[in-house]
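No lab work stands behind these numbers, since they all come straight from the coordinates. Remember, it's a predicted structure, so these values are computed and weren't measured experimentally. For neighbour counting, all protein chains shown are included, and Cβ atoms are generated from backbone atoms with ideal geometry for every residue, glycine included.
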Amino acid sequence: MGLLTKGTPLSWAETVPYVEYIKKHGIAQFINLYHRLKTRENDHLKWGDEIEYTIVKFDHNSKKVRVSLRADDLLKRLQAQAEVNHMEGNENRTQWVPEFAAYMIEGTPGAPYGGLLACFNVVESNMILRRAEVTRMLKKDESLLSISFPALGTPDFTDPPTKPNPDDPETAGKSLFFPDDAIYQGHPRFRNLVRNIRGRRGEKVAINVPIFKDENTPNPFLEVFTDEDSKNAAKPDHIYMDHMGFGMGCCCLQMTFQAVNIDEARWLYDQLTPITPILVALSAATPIFRGYLADVDSRWDIISASVDDRTVEERGLVPLKNNKFVINKSRYDSTDCYIYDCSAPYNDIPLEHDPAVLQQLVDGGIDVHLARHISHMFIRDPLQVFAERVEQDDEKSTEHFETIQSSNWMNMRFKPPPPDHPQIGWRVEFRPTEVQLTDFENAAYCCFVVLLTRVIVSYKLTFIIPISRVTENMKRAQKRDAVLTEKLHFRNKLATCDTPPEARQVGVAKDPLFETVEMTVNEIVNGDGKEFPGLVPLIRQFLDGADLDVDTRCTITQYLTFIQRRASGEIMTLAHWMRNFVVSHPKYGKDSKVGDEIIYEMIKHMDSISRGETHCEKLLGCFRSKTDSRIPSAVRRAEETLLATFAKRKH
């Protein structure tokens with residue numbers, strides 16, 4: 001969602017005079033916060049998930065499905081109900097916030113989950129509750145789906161009908177396909193981001209996705225556009241899109257974990273970074289864009305291009321004159337550096353940074369590894385500035401820091417505690433997972449990643465590989481059927497963080513620290529049958545040493561087995577399932593075009609699956625969790641006693 005500040009948003013031209021001021025004070029705010037909270041210790045594991053949903057409306061007469069632009073209305077009702085519950089002293093078990101598009105809403109648990117293993121048995125139940133809360137408020141023929149809508153940008157894709165108007169000077173995005181009315185209207189942040197990304201870039205964003213070449217797909221596949229921006233930007237054999245909404249209007253699943261202290265947060269940030277491409281391939285769910293079959297299965301690069309505010313100079317297309325840097329990536333992409341000190345030798349990508357900002361951080365007492373990460377983020381300009389919020393107290397506020405931090409949309413995010421919430425500690429956000437169709441799937445992915453963090457911390461495992469190979473893995477993981485056909489760089493042997501530091505030298509030819517092999521997702525998740533045991537077997541080994549109640553053990557086992565079978569290809573990814581649905585449909589012309597009727601019937605079937613009215617074994621297998629809305633009090637007391645005993649022994 002990002003930072004939702006109230007005030008009068010400035011245009012890009014109005015923002016420019018404040019850019020350096022905001023950066024300087026953003027760094028000062030981070031330094032102050034860091035020193036105030038760097039010694040914070042003994043926070044408990046807390047975590048939560050964020051699921052973005054799409055509201056759709058079926059037109060059964062014309063066999064068409066559209067996105068319903070009713071997010072603001074639904075959010076007002078959901079938030080009003082939450083306020084009533086609060087005033088009456090009742091627990092709010094869900095929380096709802098706006099997202100980029102007028103057809104999207106984001107739901108989270110009302111309170112974070114704790115460190116008890118039994119919490120894994122309530123995750124799916126909370127997701128079911130979220131879906132039910134919204135579903136009760138929907139109109140006839142509307143539905144709530146945790147998907148990215150495949151027909152964004154096609155003619156007449158919204159309800160009520162809207163049309164793009166690129167010639168209107170007040171239009172934020174100037175898109176040929178995506179109307180400004182489809183942007184969430186309840187907060188100025190979203191429309192202003194669209195306007196300022198285009199303003200800073202100097203032209204519309206350009207998104208080109210390789211098209212899936214079928215028997216009757218034109219060769220080359222070309223679209224004809226009349227405006228100069230689109231004519232110059234659109235590539236042959238690619239699906240062309242030109243608005244932030246094509247990326248940020250897709251839905252995702254994200255998880256945030258609270259660490260014991262800052263060191264553990266930095267360690268987890270680094271260790272989870274090489275895991276992110278695995279989850280991209282494993283959760284692939286987005287094979288259709290603007291009504292065309294793509295030759296990719298993920299939305300990741302599409303979002304990256306949709307918010308790429310780099311100028312022609314920063315993209316290296318013309319020599320530098322008005323800008324400071326040539327920047328290799330969009331501000332939405334994979335991270336370029338690790339931040340824990342012993343991970344530093346694996347930082348083999350040159351980092352663009354402003355030496356003055358780096359020096360400000362080092363002079364402020366920030367160690368060089370964290371300082372490099374922050375200074376690299378601050379090569380980006382603030383995109384969202386509010387007139388009333390320019391002058392701030394750097395001892396009390398972190399708003400200038402967060403306006404840049406929250407618009408660096410990396411696969412991982414290192415999150416300092418907010419200054420005004422003493423109950424929240426140092427956190428790490430895991431960001432790349434594609435949202436899944438059902439609550440069971442979303443819960444399975446969440447529990448898999450959270451349990452993996454417990455394995456990493458408990459066994460002190462390290463999965464670090466050279467950061468350049470993470471970048472390469474992210475590219476491979478998005479390819480069509482990557483979970484089955486691609487190989488990712490990964491360690492083929494278990495290692496711990498206790499490796500002697502003197503062995504850590506970049507470039508040493510046969511240094512075992514830097515040896516990686518190419519492994520399939522199946523080998524990484526399930527083991528290679530040789531030296532690497534697999535991520536899920538490691539989790540199972542961890543759980544074997546835990547005292548789990550029967551229901552939680554059953555649920556976790558179901559989730560882990562499901563993940564294993566999806567990694568092995570026994571169960572399809574949603575992207576593979578959608579692609580199969582399209583190519584086997586009698587109305588499909590083998591020309592890569594996915595027409596209205598095909599999309600209507602596909603989403604109607606997906607809606608039935610998500611509601612539990614239809615079961616699709618090829619997509620879901622035959623699993624049933626024992627999820628419950630509450631942790632039994634006896635289980636809670638037993639686990640809390642065990643945790644207290646462990647804490648005393650550790651101390």
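Things to note:
- Cα lying deepest toward the dipole's positive end in the chain, options G612, G291, V550, charges on Cβ: V550
- A simple count of charges around D72, restricted to other residues whose Cβ falls under 12 Å of its Cβ and scoring Lys, Arg +1 and Asp, Glu -1, yields 0.
- Violating pairs (Cα-Cα greater than 31 angstrom) within the set K324/K460; K593/K618; K23/K174; K204/K604; K487/K618: K324/K460; K204/K604
- Here the label points at A13 and K396, each 7 Å from Cα along the C-beta direction, are separated by 3.5 nm in the simple model.
- Sites matching GluC sites (Glu not before Pro) across region 80-131 that sit in DSSP coil, with at most 15 neighbouring C-beta atoms within 10 Å: E88, E91
- Stretching E531 away from K475 to a fully extended chain increases their span by 17.6 nm, per 0.36 nm per residue minus the current alpha-carbon distance.
- Peptides 280-286, 12-18 ordered by packing proxy, namely the average of other Cβ atoms within 10 Å per residue, highest first: 280-286, 12-18.
- Region 526-645: projected area of the alpha-carbon convex hull, averaged over directions, in nm²: 11.1 nm²
- Theoretical ellipticity at 222 nm over the chain - DSSP helices of four or more residues, -39500 (n - 2.57) apiece, nearest 500: -11500 deg cm²/dmol
- Cα gyration tensor category, rounded, prolate or oblate, for region 154-237 with a/c compared to 1.5: prolate
- Global form of region 439-650, assessed from the alpha-carbon gyration tensor, a/c cut-off 1.5: oblate
- Summed residue charge, Cβ within 12 Å of I609's Cβ, Lys/Arg positive, Asp/Glu negative: -2
- FRET E, pair E203, S584, Förster distance 60 Å, beta-carbon r, rounded to 0.05: 0.90
- Charge dipole of region 439-650 about the Cα centre (unit charges at C-beta), most positive-ward option of Y459, S629, F581: Y459
- Sorting 438-445, 378-385, 420-427, 449-456 by average packing, meaning the other beta carbons within 10 Å per residue, from highest down gives 438-445, 378-385, 449-456, 420-427.
- Label-point separation, E91 to D341 (7 Å along Cα→Cβ), nm: 4.2 nm
- Gyration tensor verdict on the chain (Cα atoms; rounded if a/c is under 1.5, prolate if a/b is larger than b/c, oblate otherwise): rounded
- Full-stretch length increase - L320, V368 - with 0.36 nm per residue and alpha-carbon distance subtracted: 14.5 nm
- Rounded FRET efficiency, nearest 0.05, which uses the C-beta distance separating T135 from D591 and R0 of 45 Å: 0.80
- Taking the Cα centre of the chain as reference, the dipole from Cβ charges on Lys and Arg (+1) and Asp and Glu (-1) amounts to some 760 debye.
- When peptides 248-261, 165-178 are ranked by their average number of other Cβ atoms within 10 Å per residue, the highest-first order is 248-261, 165-178.
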